[in-house]
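One structure is given below, encoded as structure tokens.
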Amino acid sequence: MEEPLIELKGVSKKFGDKVILDGLNLSIYRNQALVIIGPSGTGKSTVLRIIAGLTAPDEGEIYVKGKLRTGLAEDNRESLRIALVFQQSALFDSLTVEENVGFSLFEHSRLSHKKIKEIVAEKLRLVGLDDDISERYPAQLSGGMRKRVSFARAIINNPENPQENPEIILYDEPTAGLDPIASTIIEDLVRKIQKDSGTCASYVMVSHQSSTIRRTAKRIVFLYKGQTPWSGTVQEIDTTDNEMIRQFFSGSIEGPIKATD
């Protein structure tokens, strides 16, 4: 069988007395479009942070390309570069669009300012933005534009050091707070990046919006009470007999998922 890019084995996590993840097993493969779904507060974003190496599990193991990760991402020199797109974009307010998108290159490469500017312009065009916004600040952008700038930052690459290019992107609620038209633009962008970026052919997304799930997922994992009681394809959403999935997508208050959970 194909070796997973990232594998979580028996991962558990608590915050205080609240159990967030309870022996979670999850495998993520190359060229996969995986969307993690589930009710609010069930630990979906925590899974992303553990995958990214920003949060350590209390128990369990994380394997990256078959190698056991010890500690957090900063403690390891992993062969897999992971990009994370935060729910609120997480742009630096005091930096321009150009400085935000090219931040890692300005800080960690020896590329000239001119070359970084060219790379930034290329990534902005890839996400559907003109490079004439380069000198704007985040506060001068719409919510959808800020999302796209954060996408451009996630896929920035150093042509002189291709081994550092991101191979997988983690999206935390990329369409949260957007109107239906802006959501469609972002959904199309997620698929475009997977197809056209040249490196980021895999992604894991957290979402609870039906349109985003249906338009971006190839594989779906349902997270509930720290475990994954169901996984399947987009097509199986409408054919499964699983009561939790049927309730989740219908929005019914009647069923095994309780509002107080």
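Here are the numbers:
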{"read-out": "Candidates THR55, THR70, THR42, filtered to the one that is among the polar types (S, T, N, Q), in contact with a strand residue (DSSP E or B) (Cβ under 6 Å, 6 or more places away or on another chain) and part of a loop (DSSP other than H, G, I, E, B)", "value": "THR42"}
{"read-out": "Number of the exception - LYS114 against (1) closer than 29 Å to TYR63 by Cα; (2) of a type in the set (Lys, Arg); (3) loosely packed, with under 15 Cβ neighbours inside 10 Å", "value": "(1)"}
{"read-out": "Single match in LEU223, LEU170, LEU126, LEU189 (criterion: touching a residue at least 60 places away in the same chain (Cβ under 8 Å), touching a Gly at 6+ places or on another chain (Cβ under 8 Å) and more than 21 Å from SER250 (Cα to Cα))", "value": "LEU189"}
{"read-out": "Filter result (part of a loop (DSSP other than H, G, I, E, B) and in contact (Cβ under 8 Å) with a residue 12 or more places away in the chain) within segment 1-36", "value": "GLU2, GLU3, PRO4, LEU5, TYR29, ARG30, ASN31, GLN32"}
{"read-out": "Residue that is modelled with the lowest pLDDT, among those in segment 223-258 that are in a loop (DSSP other than H, G, I, E, B) and within 26 Å of VAL11 (Cα to Cα)", "value": "LYS258"}
{"read-out": "Residue match in segment 72-83 (condition: surrounded by fewer than 17 Cβ atoms within 10 Å (Cβ to Cβ), touching a Pro at 6+ places or on another chain (Cβ under 7 Å) and modelled with pLDDT under 90)", "value": "yes"}
{"read-out": "Total residues in segment 19-54, condition of a type in the set (Lys, Arg) and modelled with pLDDT of 90 or more", "value": "2"}
{"read-out": "Matching option when the condition is in contact with a Ser or Thr (Cβ under 9 Å, 6 or more places away or on another chain), crowded, with 18+ Cβ neighbours inside 10 Å and over 24 Å from THR42 (Cα atoms), among ILE193, ILE156", "value": "ILE156"}
{"read-out": "Filter result (buried (at least 22 other Cβ atoms within 10 Å of the Cβ), among the small types (Gly, Ala, Ser) and over 12 Å from the mean Cα position of the chain (by Cα)) within segment 141-153", "value": "ALA152"}
{"read-out": "Boolean, LYS65 is at pLDDT below 95, within 30 Å of GLY255 (Cα to Cα) and charged (D, E, K, R)", "value": "no"}
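Every residue, every condition in (1) under 15 Å from GLY226 (Cα atoms); (2) among the hydroxyl-bearing types (Ser, Thr, Tyr); (3) surrounded by 21 or more Cβ atoms within 10 Å (Cβ to Cβ), yes or no:
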| site | (1), (2), (3) |
| --- | --- |
| VAL11 | yes, no, yes |
| LYS18 | yes, no, no |
| GLY23 | yes, no, no |
| SER27 | no, yes, no |
| ARG30 | no, no, no |
| VAL35 | no, no, yes |
| PRO39 | yes, no, no |
| LYS44 | yes, no, yes |
| ALA52 | no, no, no |
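The values are calculated or read from the model by the stated rules, or taken from the named source; none is laboratory data. All of these numbers come straight from a predicted model, not from anything done at the bench. Methodologically, a virtual Cβ is constructed for each residue, glycine included, from the backbone with ideal geometry; neighbour enumeration extends over all protein chains shown.
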